[in-house]
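Undergrad: Take this structure first; my questions come after.
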Amino acid sequence: MAEIFNYTACRQLLQMFCAIVFFHGSEYVLAMAIHGKSSVTVKSLLISKSYILAMVCSLIEYLMEVYFFPGLKEHWWISNLGLAMVVIGEIIRKLAILTAGQAFTHLIKHYHQENHKLVTHGVYQFVRHPGYSGFFIWAVGTQFMLCNPLSTVAFAIVVWRFFALRIPYEEFYLRQFFGSEYEDYARRVPSGIPFVK
């Protein structure tokens, strides 16, 4: 059992714990700073039952592999690539939140608010959904960081599918709110999620 908690395992699990705490804590703090404490709920932490299940499965995979195949976790270049992805994904997502300000919410708006403006500058000039791009990179990066081959594939598929369904749904409303302005923007700028127009 002591082998499970060697230097590599302690480092990788600590990085994962820090990545999760920072991601969710900063999402909550930013939501409070931008929208006000009275507008923020526990949902702003972005932790669902499905998310917890995915993270538990990821941890189970990690512990089983570190016990039965410890060499699998010693690929430092893969783990460091994952750490870089986590940092890059975090930066992209937080830039998206800060750039959009009041226009960034965790829930899709079904009605147009007076203060809701179409944001096309900053990171939004490169991708239409940088918050989603950042999360996608972050989520897959967490599994690279742990050298979890099964969870890396599973996270990539599940997160991609979530955004592949969410983006068209969200953009239906954005087209209603902003009309031809959004149509032009969508033609010029990619979604930010691979294979999602």
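The numbers here are math on the coordinates, done by the rules we state, and not lab data. Every value quoted in this text rests on a predicted model; they were computed, and no experiment measured them. As a convention, Cβ positions derive from the backbone with ideal geometry for all residues, glycine included, and neighbour counts pool all protein chains shown.
Undergrad: Which lysines have a Cα less than 28 Å from the Cα of LYS73, not counting those fewer than 8 places away in the same chain?
TA: Straight-line reach from LYS73, under 28 Å: LYS49.
Undergrad: Which whole-Hz couplings ³J(HN,Hα) result when phi for each residue of the range 106-113 is put into the Karplus expression 6.51 cos²θ - 1.76 cosθ + 1.60, θ = phi - 60°, listed in order with x for Gly and Pro?
TA: 7, 10, 5, 7, 9, 9, 8, 8
Undergrad: I would also like to ask the following. Mean Kyte-Doolittle hydropathy of 0.5 or higher plus an axial Cα length of 20 Å or more: which whole DSSP H helices in the chain meet both?
TA: 7-35, 49-68, 76-100, 130-145, 149-178
Undergrad: Please work out the C-alpha center-to-center distance from the range 50-67 to the range 114-177 and express it in whole Å.
TA: For the range 50-67 versus the range 114-177, the Cα centre distance is 22 Å.
Undergrad: In deg cm²/dmol and to the nearest 500, what is the mean residue ellipticity at 222 nm of the chain if only DSSP H runs of at least 4 residues count, each as -39500 (n - 2.57), divided by the residue total?
TA: Theoretical 222 nm ellipticity from helices: -23000 deg cm²/dmol.
Undergrad: Then there's this: Which of the aspartates and glutamates could be linked to LYS109 by a straight reach, that is with a Cα gap under 12 Å, when you skip same-chain ones fewer than 8 residues away?
TA: Partners found: GLU170, GLU171.
Undergrad: Sequence gap at least 6, Cα distance under 8 Å: using those rules, report the relative contact order of the range 5-186 to the nearest whole percent.
TA: After rounding, I find 26 percent.
Undergrad: Among (1) 18.6; (2) 19.4; (3) 18.0, only one was calculated for this model; which label is it, if the read-out is Kirkwood radius over Cα pairs in Å?
TA: Only one option fits the structure, namely (3).
Undergrad: Taking LYS37 as the anchor, which aspartates and glutamates have their alpha carbon closer than 17 Å to its alpha carbon, excluding any fewer than eight residues away along the same chain?
TA: GLU27
Undergrad: Taking the highest mean first, how do the peptides 158-170, 76-88, 120-132 order by number of other beta carbon atoms within 10 angstrom per residue?
TA: The most tightly packed comes first, giving 120-132, 76-88, 158-170.
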